[in-house]
Amino acid sequence: MKMKRKNRNVAWLLFGAVMLFLSLSTVGLSDTAGPSSPPARTITEGEGGDVARMTDIHDIKPLERIGYPFNYTRIIFWCVVAVILSALIVAAIRWFRKRARKGKCAPPPLPPHELAFQQLRALAAMKDPGCRDFYFDLSGILRGYLQGRYGLDALEMTTEELLPKISQLKLDRNLERGIKDFLNWSDPVKFAGITAERDKMKSDLAFAERFVRQSMPVEDDALTHKANSP
């Protein structure tokens with residue numbers, strides 16, 4: 001509310017300054033009747049004897065203004081310009097402030113492994129998740145991690161499309177075999193109605209945490225161990 005009132009005050013201040021400038025610049029502008037014609041010269045007797053020949057010579061009539069008075073048209077034009085400029089200035093101020101506020105408030109994106117750890121903790125904290133929903137969530141977490149960590153389009157690929165891409169990642173052999181087994185196992189649970197025991201769900205969750213931890217960048221792994229050490 002304070003920000004809106006401040007923007008409104010700035011707009012009126014700018015508008016008042018522009019109007020004051022225009023008022024000062026238009027002082028003294030008024031319609032004039034043009035240059036006054038010189039007084040007619042009276043020719044008296046004795047100033048030449050050719051009076052009759054000079055009676056047909058007249059002064060040129062001054063120009064007359066046609067249409068609206070020039071000063072009013074100019075004032076109206078500059079008032080419209082002032083209103084438009086004031087609106088543009090207020091819009092620009094709001095845009096820059098909104099952009100600056102957005103830049104300050106937006107946190108940097110989390111690294112893929114940190115995001116995966118957060119999601120895995122949230123999944124582990126769920127009470128009695130359904131088997132099908134559990135594997136949908138767990139598979140989505142691992143696919144999202146593969147996409148963020150290795151640049152694979154894992155969230156859009158089928159398992160058949162993803163498995164050859166995993167073979168090209170040069171993972172540890174146990175990790176590679178484990179992630180492939182998990183993907184092959186989770187598909188029937190998600191789409192064919194196969195159920196899994198609670199112990200199997202816990203072991204798959206533990207594997208997902210181990211997979212992320214062992215495949216995360218080495219520098220981040222060292223920093224994580226350093227931050228967790230007493």
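Tabulated results
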{"quantity": "Residue under evaluation Phe117, criteria (1) surrounded by 11 or more Cβ atoms within 10 Å (Cβ to Cβ); (2) under 33 Å from the mean Cα position of the chain (by Cα); (3) at pLDDT below 95; (4) not in a loop (DSSP other than H, G, I, E, B), criterion not met", "calculated": "(3)"}
{"quantity": "Within the stretch 185-207, tally of residues that are touching a residue at least 60 places away in the same chain (Cβ under 8 Å) and more than 44 Å from the chain's Cα centre (by Cα)", "calculated": "3"}
{"quantity": "Residue match in the stretch 185-193 (condition: open to solvent by 40 Å² or more (accessible area, probe 1.4 Å) and among the charged types (D, E, K, R))", "calculated": "no"}
{"quantity": "Test for Ala116: is it in contact with a helix residue (DSSP H, G or I) (Cβ under 7 Å, 6 or more places away or on another chain) and small (Gly, Ala, Ser)", "calculated": "yes"}
{"quantity": "Test result for Leu152, aliphatic (A, V, I, L, M), at pLDDT below 95 and crowded, with 16+ Cβ neighbours inside 10 Å", "calculated": "yes"}
{"quantity": "Filter pass, Ser139 being under 18 Å from Gln214 (Cα atoms), crowded, with 17+ Cβ neighbours inside 10 Å, small (Gly, Ala, Ser) and touching a residue at least 24 places away in the same chain (Cβ under 8 Å)", "calculated": "yes"}
{"quantity": "Residue check, Arg149 within 29 Å of Leu175 (Cα to Cα), of a type in the set (Lys, Arg), in a helix (DSSP H, G or I) and in contact with a helix residue (DSSP H, G or I) (Cβ under 6 Å, 6 or more places away or on another chain)", "calculated": "yes"}
{"quantity": "Which listed residue is touching a residue at least 60 places away in the same chain (Cβ under 8 Å), more than 15 Å from Val212 (Cα to Cα) and assigned to a helix (DSSP H, G or I), from Arg101, Arg132", "calculated": "Arg132"}
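The values are calculated or read from the model by the stated rules, or taken from the named source; none is laboratory data. Since we're looking at a predicted model, the values are computed, not measured. Methodologically, a virtual Cβ is constructed for each residue, glycine included, from the backbone with ideal geometry; neighbour enumeration extends over all protein chains shown. These accessible areas exclude ligands, DNA and RNA; they are computed on the full protein's heavy atoms, side chains included. Shrake-Rupley method; radii C 1.70, N 1.55, O 1.52, S 1.80 Å.
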